[in-house]
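Peer 1: Would you mind keeping the following structure in view while I ask a few things?
Coordinate-derived values only; no laboratory data. In this text the structure is predicted, and so the values were computed from the model without any measurement. Methodologically, a virtual Cβ is constructed for each residue, glycine included, from the backbone with ideal geometry; neighbour enumeration extends over all protein chains shown.
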Amino acid sequence: MVFWTRFYNLCIEKKTKPNPLAQQIGVSSGAVTKWKNGTIPPADVLIKIADYFETSIDYLLGRVGETQTEKDKKIIASIETGDDNKQKLLNNYDKLNDDGQIKLLDYSADLVLSGRYIKNNQLFGAKEA
């Protein structure tokens, strides 16, 4: 039911209704009823829905807690314009298409999760000294 809840809430945010949206992406209203009852759409439909809402399939399926757009906003908000390296990263990010932006975000998350590149080799949640 995670998919339906997230799909429905995204529809509300975009001020659209599930059935007209489904028709717009080439899906029947019967499929929407199945989603409401717990069925997950096939991959090609999930891609269309994720593209429409500018989010990830992982978000739609409940694998992550925030949309890609929310992640992007947090990253951009945390970049201080006075730091040249952060500004270069932001400029490069802005030049990338959606797929490139996702890859850049995923790569940076992998670097952090590895623990090898954390400042002063600190664990998550710890403040830098």
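Peer 1: Does segment 79-121 come out rounded, prolate or oblate by the C-alpha gyration tensor, with a ≥ b ≥ c the root eigenvalues, rounded set by a/c under 1.5 and, if not, prolate when a/b is larger than b/c and oblate if not?
Peer 2: Numbers: a/c = 3.89, a/b = 1.22, b/c = 3.19.
Because a/c hits 1.5 or more and a/b fails to exceed b/c, segment 79-121 counts as oblate.
Peer 1: Starting from the 7 Å offset along Cα-to-Cβ, what nm value, one decimal, do you get for the label separation of LYS119 and LYS14?
Peer 2: Computed distance between label sites LYS119 and LYS14 equals 3.8 nm.
Peer 1: List the chymotrypsin sites (Phe, Trp or Tyr not before Pro) within segment 19-54 that DSSP assigns to loop and that have no more than 14 neighbouring Cβ atoms inside 10 Å.
Peer 2: Details: sites: TRP35, TYR52, PHE53; in loops: none.
Sparse-neighbourhood loop chymotrypsin sites (Phe, Trp or Tyr not before Pro): none present.
Peer 1: Let me ask another. Counting Lys and Arg as +1 and Asp and Glu as -1, what is the net charge of the other residues whose Cβ lies under 13 Å from the Cβ of PHE3?
Peer 2: Overall, the nearby charge balance is +3.
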